[in-house]
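The values are calculated or read from the model by the stated rules, or taken from the named source; none is laboratory data. These numbers were taken from a predicted model, which means no experiment stands behind them. As a convention, Cβ positions derive from the backbone with ideal geometry for all residues, glycine included, and neighbour counts pool all protein chains shown.
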Amino acid sequence: MTDRSFDATVGTSATPDERTGRGAGLLRPWLGRLPRNAGFWSAMPLSLLLLFGFFGPLVLVVLYSFMPRGSFSPIGWPTLENYRDIVEQNFYISFGWSLLMAIVAAVLLLLVAYPLAVAMVRLAGKKADIYTILIVAPLFVAENIRLQGWSLFFDKSGFLDGAMESLFGVGTGSLVGNIPIVIFGLVYVYLPFMLFPLILGLTNVPGDAREAASDLGATRFQVFRDIELPLAAPGVLIGTLLCFVLSLGAVSEAKFLGKGAVIPIVQDIDSAFTFGQNWPRGSALSVLLILIAAAAVVVVMRRVDIDRMFTRR
Amino acid sequence: MRWSCGKRPRAISPRWATSARSLNIHAWEGYTEEPVLDPFASQIGATVNPQMLISDPAAVNNLRSGGTSTWDLINLNNAWQRKELYPEGLITPLDKEKFKPLYAMNTPGFEWPYLWAMDQGGDQLLGMIQRYGPSGIGVNTDKISRETVEKGGYMEIIEGAKGQYGILDYENWVIMHTCMAAGFTPFRKHTEAEMESYRELIFKLFANAKKVSDDQAALARDMITGEIIAVIPGSIYSVSAARYEGETQIESVVPEEGIEETKTAENPKGKAGITWIEVTSLVKNPAPTPLAEAFLVYCHTPEAAYRVAAKAPGTLNPIVQMGSPDVLAQFSADELEAIQWGEEGQWLETNLSRCIDFDINPDYAAMHDMYTEAKRSRG
C-alpha cells in the first residue's frame, strides 16, 4: 500500500459513522493526529507483538528482580537484596566463564566460518547448494540430541574411544568434562549463525573491486585487508554479535559436554527459578545478563549500516 | 463408588466418560507415559495432557503462580502436600470413604492412615501414594564393594574415592544427602555450627567429584564403563534401568551407620539414607474434573500400577501396591532384580529401614545458596 492509497482509504474516505453522521465529530480529531504514512501502519503489528510479547515479559523480569526472596508476585516493596547477594556470592565465576566462552567461541567461529563463507560466495550454483544443505541439515535435529550424540562420541567407551582402541590398541579415554569440549560444542551448534551473515556480508564485495585492486598492484593480503574485509564488515559484525549473544545464553553445551566442569550463568538462572524457588534472584541474574548482551549489541550496531547491508546500496 | 479392602478396583465408571473430556496431569515420569495414559484415555474416551516434572520445587512454584487453573492432578514427593500445598489451599482432599480401601493393597509400613498422605491434623486424605524408594549412594560394586560402602558411608566415597565419583545433580537431593553425610538431618532448623559443617562438606563434595550431571542414565553409563565408581545421591530410580539391562553390579547402597539423632534402642545404628514416596493429589482447580479421581483409581488396577512402576522411560521403581499379590504377580524376576527387591522384598526392606522419610528442609534457601556457590567454585 502506498502513502497515496493510504490517504485514500483512511484519510479521506467516508467511514460508516461519517455516512450516518454519528460519532464523526468525536473520531475526526483523533484520526487526524495519527501519522498518515504506510510505514507507521505496516510496523504496527510487529510493534504490538514486541510490546506485549517482548517488552511486557522484560518489564516483569525487571520488576521481579527488585522483589524480596520468596516473592511469587512482581508487586511488592522493592529491595536491592538480590543484586547485593549476587555481588557478595561468587556469581562472578559464572558470569566470567560465560563471557569468556562466548568470546572464544565467537572468535573461533569467525576463523572457521570465514573461509567457508568465501568459498560458498565464490562457488556459485550446485556446489554452494550442497554446502548449504550440509550446514543447515543438522538444524532440523534438536540441539540437545546432537550434543548428546557428541557426548557419546567423545566419552569413555564411546565411538572415538572404542574405534581407537580397536584400531590402534590405545583408547582416548573420556574427552568430555572439560572447558575446551564445551567451546567445541558452542562452535558446532552456532556455526550456521556465523556463516550466513558472513555470506551476506561477502556478497557486498564486488568482484570488480578486488580485480581493480589487484590490477593496481595490491597483494592478496592487501586486497583482503583493504577491500574485502571493510566491505564485508557488516556481515562479520552481525555474525560475531549473534554468536556471542547466543553463546552467552547457552547452557546445553556445558551440561551435555562439560559435565559440571564449568557452570554458565544461564544454569545459575535456571537453578534459581527451579530448585532455588528464588524467582527474584533468577530475575536479577537475567537482568544483568541482558544488560551485558545489550551493551554488546549497542557497541556493534553503532558500527553497522544494516540498511546498506540488506539493500546493497 | 466404594471398594472393599484388598479387592481389585473395578473398571472406571462410564459416568465419568460423559461428564468431562480432558485431564491435565503434572507428574513425575511414571505417570506421564503412553503405557500408563493410553489405556486410561481409550477406556474413558478422554484426552489426557501430561506435563512431566523437572523438580518438586519447580512444580510447587508453578501451582503457586496460577497453575491451579491448568492442572487437575499433581504428583510430588511426600511432605509438599502435607506441609505446603494443602495449607496454602492449592490441593483438595480426597473422599476418604472412596479411597481408604485402596490402602489395603499396600506393603507394610504404608497402610492406612499413612502419615504423608494425610493433612497435619490427620483428618483429611491429601493424596494417593504409589512409587517410592530408598536413596543413598549409587555404586559399581565391581569397583568398590557394597560392604565397603555400607561400612564406610558417604565419606568412603567423598574422601576415599576422590576424583572417581559423580554427582547426580538433583539439587535438593544433593543438599539433603550432604546434610546426612555431615551427620545431621536436613529436615529441621540447623545450628550455625551445622551450617558451617554443611558448607565445608558441600564444597568438598563438588571439589572431589569427577562429573556433575542431572542425567541419571549418563551417570549410570559412566559407572558401567568405569569412568566413575559411584554416584551421590543414588537411589533405585537411578540404577534400576542399568540393572534391568543386566548390569546388576550397579546398586543403590544405603550406609549402615546412620546419624546420631536417629539412633534409638530399637534401631541403634540409626539412619543414613532418605526415603522418597510420591503422592498424587487433586489440584484445587476452579473447574475440577471427575477424571482426576478416576485416574487415581485407575492407577490402582494391577496392570496400571505395574506400568507406573516398570514402564517409565529409563527407570523402574517399587510401588507400595506390591503388597497386593495381584500387583506383585505382574513383575518379572528381572524387574524385581532391577528394583533390588530381594527375597520376599527383604533387600528393599533392609535399605528402607536405614532411611528417614523425605521432608521439608527449613534451611533450604541458605543451603541452596551454599550449594550453588560450591558448584560454581568447580570452574
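Annotations for the structure displayed:
- Taken together, the residues in region A:168-189 that are surrounded by fewer than 14 Cβ atoms within 10 Å (Cβ to Cβ) and at pLDDT below 95 amount to 3.
- Counting only residues that are part of a loop (DSSP other than H, G, I, E, B) and either in contact with a Gly (Cβ under 7 Å, 6 or more places away or on another chain) or touching a residue at least 12 places away in the same chain (Cβ under 8 Å) (or both), region B:329-365 holds 13 of them.
- Selection status of A:Ser151, in a helix (DSSP H, G or I), without any contact (Cβ under 8 Å) to a residue 60 or more places away in the chain and not β-branched (Val, Ile, Thr): no
- A:Gln267 meets each of the listed conditions (1) within 14 Å of chain B (Cβ to nearest Cβ); (2) touching a Leu at 6+ places or on another chain (Cβ under 7 Å) apart from (2).
- Of all residues in region B:40-80, those being of a type in the set (A, V, I, L, M) and either within 23 Å of B:Phe187 (Cβ to Cβ) or within 14 Å of chain A (Cβ to nearest Cβ) (or both) number 10.
- Applying the set (1) part of a helix (DSSP H, G or I); (2) surrounded by 22 or more Cβ atoms within 10 Å (Cβ to Cβ); (3) free of Cβ contacts under 8 Å to residues at least 60 places away in the same chain to A:Gly276 leaves exactly one unmet item: (1).
- Among (1) touching a helix residue (DSSP H, G or I) at 6+ places or on another chain (Cβ under 7 Å); (2) at pLDDT 95 or above; (3) within 14 Å of another protein chain (Cβ to nearest Cβ) - the single one B:Arg378 does not satisfy: (2)
- No other residue among A:Leu241, A:Leu248 is within 24 Å of the chain's Cα centre (by Cα) and farther than 23 Å from A:Ala142 by Cβ apart from A:Leu241.
- Test: residue in region B:125-136 that is assigned by TED's automatic domain parsing to the domain that holds B:Gly323 and in a loop (DSSP other than H, G, I, E, B): yes
- Tallying residues that are within 21 Å of A:Gly149 (Cβ to Cβ), outside any helix (DSSP H, G or I) and more than 9 Å from chain B (Cβ to nearest Cβ) within region A:230-263 yields 2.
- Taken over region B:355-364, the criterion of being farther than 19 Å from B:Ala193 by Cβ and surrounded by fewer than 21 Cβ atoms within 10 Å (Cβ to Cβ) is satisfied by B:Ile356, B:Asp357, B:Asp359, B:Ile360.
- Neighbours by Cβ (under 6 Å, 6+ apart or cross-chain): first from region A:97-119, within 14 Å of chain B (Cβ to nearest Cβ); second modelled with pLDDT of 95 or more: A:Ser98/A:Leu248; A:Ser98/A:Pro264; A:Ser98/A:Ile265; A:Met101/A:Ile183
- Put simply, of B:Val283, B:Val253 the only residue that is more than 30 Å from B:Glu227 (Cβ to Cβ) and either crowded, with 18+ Cβ neighbours inside 10 Å or outside the structural domain of B:Thr47 (by TED's automatic domain parsing) (or both) is B:Val283.
- Test result for A:Phe153, more than 14 Å from every other protein chain (Cβ to nearest Cβ), surrounded by fewer than 20 Cβ atoms within 10 Å (Cβ to Cβ) and farther than 26 Å from A:Leu123 by Cβ: no
- Residue count for region A:42-75 satisfying the condition of being assigned to a loop (DSSP other than H, G, I, E, B) and within 14 Å of another protein chain (Cβ to nearest Cβ): 9.
- Residues of region A:215-269 classified as under 30 Å from A:Arg281 (Cα atoms) and surrounded by fewer than 18 Cβ atoms within 10 Å (Cβ to Cβ), total: 2
- Meets criteria (more than 22 Å from B:Asp359 (Cα to Cα), over 22 Å from the mean Cα position of the chain (by Cα) and at pLDDT 95 or above) for B:Lys189: no
- Scanning region B:138-183 for residues that are touching a Ser or Thr at 6+ places or on another chain (Cβ under 8 Å), assigned to a loop (DSSP other than H, G, I, E, B) and either of a type in the set (D, E, K, R) or surrounded by fewer than 20 Cβ atoms within 10 Å (Cβ to Cβ) (or both) gives B:Asp169, B:Gly183.
- Residue among B:Asn317, B:Asn285 that is polar (S, T, N, Q), more than 17 Å from the chain's Cα centre (by Cα) and either over 26 Å from B:Met180 (Cβ atoms) or not in a helix (DSSP H, G or I) (or both): B:Asn285
- Residue among B:Ala209, B:Ala218, B:Ala230 that alone is more than 14 Å from chain A (Cβ to nearest Cβ) and either crowded, with 19+ Cβ neighbours inside 10 Å or of a type in the set (S, T, N, Q) (or both): B:Ala230
- Restricting attention to region B:51-75 and to residues that are in a helix (DSSP H, G or I) and under 14 Å from the mean Cα position of the chain (by Cα), the residue that is surrounded by the most Cβ atoms within 10 Å (Cβ to Cβ) turns out to be B:Asp56.
- Only residues that are in contact with a helix residue (DSSP H, G or I) (Cβ under 6 Å, 6 or more places away or on another chain) and surrounded by fewer than 17 Cβ atoms within 10 Å (Cβ to Cβ) were counted in region A:117-130, giving 1.
- As a summary of the residue check, B:Asp169 satisfies the conditions (1) more than 14 Å from every other protein chain (Cβ to nearest Cβ); (2) of a type in the set (Asp, Glu); (3) under 30 Å from A:Ile269 (Cβ atoms) except for the one numbered (1).
- Which numbered condition B:Glu343 misses (of (1) within 14 Å of chain A (Cβ to nearest Cβ); (2) over 24 Å from B:Tyr31 (Cα atoms)): (1)
- Region B:33-65, residues that are over 23 Å from B:Val174 (Cα atoms) and in contact (Cβ under 8 Å) with a residue 40 or more places away in the chain: B:Glu33, B:Pro35, B:Val36, B:Pro39, B:Phe40, B:Gln43, B:Ile44, B:Ala46, B:Val48, B:Leu63
- The condition (being out of contact with any strand residue (DSSP E or B) (no Cβ under 9 Å at 6 or more places or on another chain) and among the small types (Gly, Ala, Ser)) is satisfied by just one residue among B:Gly166, B:Gly152: B:Gly152.
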